[in-house]
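A quick write-up on the structure given underneath.
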Amino acid sequence: MKNLKLISLAILCAGLSSQAQAAPKLIYAMGNAATTYSMFVVDVAKALKNGFTVAQAQIALQTELDLNTTAPKLTACYVAGDLNITPVNCGNGEMQFRNADFYTYNIPSNIPIYPISKTLNPLFLKTQGANFLSSTTNAAGQIIPGDTAGRVVNVHFKQRVAQFGMLVDAGQAGAPSVSGIQFLVNRQTTSKQMLTGGIPNFVGVEDAAGFADVTIITSGEIGSTTEARAWIADHFSFVPLAAF
């Protein structure tokens, strides 16, 4: 019995040691039990004009998303408008973007748009993506949409997660805004995942030890002085550590 206890203790310690030494790695698809958020902006004026309160429009949209038979299953995350807002909060704090330079991006992108019904389509902005760059205003009062520094984005989770991933639009096929993405998790940085312009790119990270925060670091277009190193993303997904 004593030997059995010692063996069991050794196995337990080995398991804990293995978990402690786990390192983040790039992944190319989300595992089961993933929650996937998609960004939406309610056009309040049009919603009211069509007889919907904001809450009713949101409930109707989520009902459509729930009835969708294609993968991934999407949960709506609402952003107040096309401007800098902090923090962007999805699922009552399940996933929060801590970077004040996050704002919605309402122009066409390579990320597929969910086909909203004709009834609800007028109530929401057409692109449910997000653009990670900081807008500024020049002396003439014109908004300059971006800078050339590249953005570092910080994401926080209410519970520890084992995986995080998203769809990224790196920009035009011939002139992508960014060429690579890395993740900083548990004080360790993954290798760089290269991106292809003109098509949606899935990028993701996994750490079996679990994490509550991830930092997203972009690279590319360093020599450009005019290109705003923007990148659009959506379908933000995570798998809870408890379900991994």
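Where a number appears in this text, it was derived from the coordinates with a stated rule and is not lab data. This is a predicted model, so every value here is computed, not measured. Here Cβ is always computed from backbone atoms with ideal geometry, including for glycine, and neighbour counts include all displayed protein chains.
The length gained on full extension between D213 and A139, counted as 0.36 nm times the residue separation minus their Cα-Cα distance, comes to 22.9 nm. From most to least packed by mean Cβ count within 10 Å, the peptides 48-61, 164-177 give 164-177, 48-61.
Between A33 and A45, the modelled labels are 4.6 nm apart [label points 7 Å from Cα along Cα→Cβ]. For a Förster distance of 25 Å, can you work out the FRET efficiency between the beta-carbons of V54 and T119, rounded to the nearest 0.05? Plugging the Cβ-Cβ distance into 1/(1 + (r/R0)^6) gives 0.95.
Would you mind calculating the gained length between R187 and A23 on full extension (0.36 nm times residue separation, minus the Cα-Cα distance), in nm to one decimal? It would help to have the intermediate numbers written out before the result.
On the way: separation 164, 0.36 × 164 = 59.04 nm, distance 0.96 nm.
Contour length minus Cα-Cα distance gives 58.1 nm.
Distance between the modelled labels on M194 and K158, one decimal in nanometres: 4.0 nm (7 Å Cα→Cβ projection). With R₀ fixed at 30 Å, the C-beta to C-beta distance from T69 to N92 puts the FRET efficiency at about 0.70.
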